[in-house]
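K.L.:
Below you'll find the structure I mean.
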Amino acid sequence: MNPATCAQVAADLNALPHARITSQGNEARVFTASLDDLTAWWYALGGQLTTQAAPAGSGVCMWTLHTRTDPANPASTVVRVHALALDTDQPDADLPHPHAA
C-alpha cells in the first residue's frame, strides 16, 4: 500500500488533524497546521520529536515527529509529521524534549 494511504488510514482511525499527506519514498509525510496538531499525533502514535531552526533571524522552526502508522509493528509505515512554528512557541508540556535535527 502507498505510504500516504497508510498514513491517511492511521489519521482517520485516530481522528488526527492534518493539512496534507504525501509519500516520499517508503515514508509518509504529514503536514499539520500547528504544534497542537502535531501533539495530537504524538499522543496517538508516540515517537521521537526533533526540531530544526529555519534560517537565522526568521523566527521560525520546524518540529518533526518520527513515528509509525502502528508503533507496535516495526514493519509498519514510517511517518514524519511536520509542524512549522514560531521559535517562541511552546509545545504541550507533556511532549518529550526534542532533539536538534
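The values are calculated or read from the model by the stated rules, or taken from the named source; none is laboratory data. All of these numbers come straight from a predicted model, not from anything done at the bench. Glycine gets a Cβ as well: all are built from the backbone with ideal geometry, and neighbour counts include every protein chain shown.
K.L.:
Under the condition of being surrounded by 19 or more Cβ atoms within 10 Å (Cβ to Cβ) and in contact (Cβ under 8 Å) with a residue 40 or more places away in the chain, which residue from segment 38-65 is nearest to residue 6 (Cα to Cα)?
P.N.:
Across segment 38-65, the extreme among qualifying residues is 41.
K.L.:
Within segment 4-20, how many residues are touching a strand residue (DSSP E or B) at 6+ places or on another chain (Cβ under 6 Å) and over 13 Å from residue 69 (Cα atoms)?
P.N.:
Here the count works out to 3.
K.L.:
So, one more: Exactly one condition in (1) surrounded by fewer than 11 Cβ atoms within 10 Å (Cβ to Cβ); (2) in contact with a Ser or Thr (Cβ under 8 Å, 6 or more places away or on another chain) is false for residue 82; which is it?
P.N.:
(1)
K.L.:
Given 26, 2, 14, which one is at pLDDT 95 or above, of a type in the set (S, T, N, Q), closer than 27 Å to residue 89 by Cα and surrounded by fewer than 20 Cβ atoms within 10 Å (Cβ to Cβ)?
P.N.:
Only one candidate qualifies: 14.
K.L.:
Determine the pairs where a residue that is more than 12 Å from residue 66 (Cβ to Cβ), located within segment 79-101, has a partner that is modelled with pLDDT of 70 or more and assigned to a loop (DSSP other than H, G, I, E, B) with Cβ atoms under 7 Å apart, the partner being 6 or more residues away or on another chain.
P.N.:
The qualifying pairs are 83/32; 83/34; 86/59; 87/59.
K.L.:
Just to be sure, is residue 22 in contact (Cβ under 8 Å) with a residue 24 or more places away in the chain, within 20 Å of residue 2 (Cβ to Cβ) and touching a helix residue (DSSP H, G or I) at 6+ places or on another chain (Cβ under 7 Å)?
P.N.:
Judged against the criteria, residue 22 is not a match.
K.L.:
Next question. Quick check on my filter: what residues within segment 61-92 are farther than 15 Å from residue 21 by Cβ and charged (D, E, K, R)?
P.N.:
70, 87, 89, 92
K.L.:
Please work out which residue is farthest from residue 2 (Cα to Cα), limiting yourself to segment 27-37 and to residues that are of a type outside the set (S, T, N, Q) and out of contact with any Asp or Glu (no Cβ under 7 Å at 6 or more places or on another chain).
P.N.:
36
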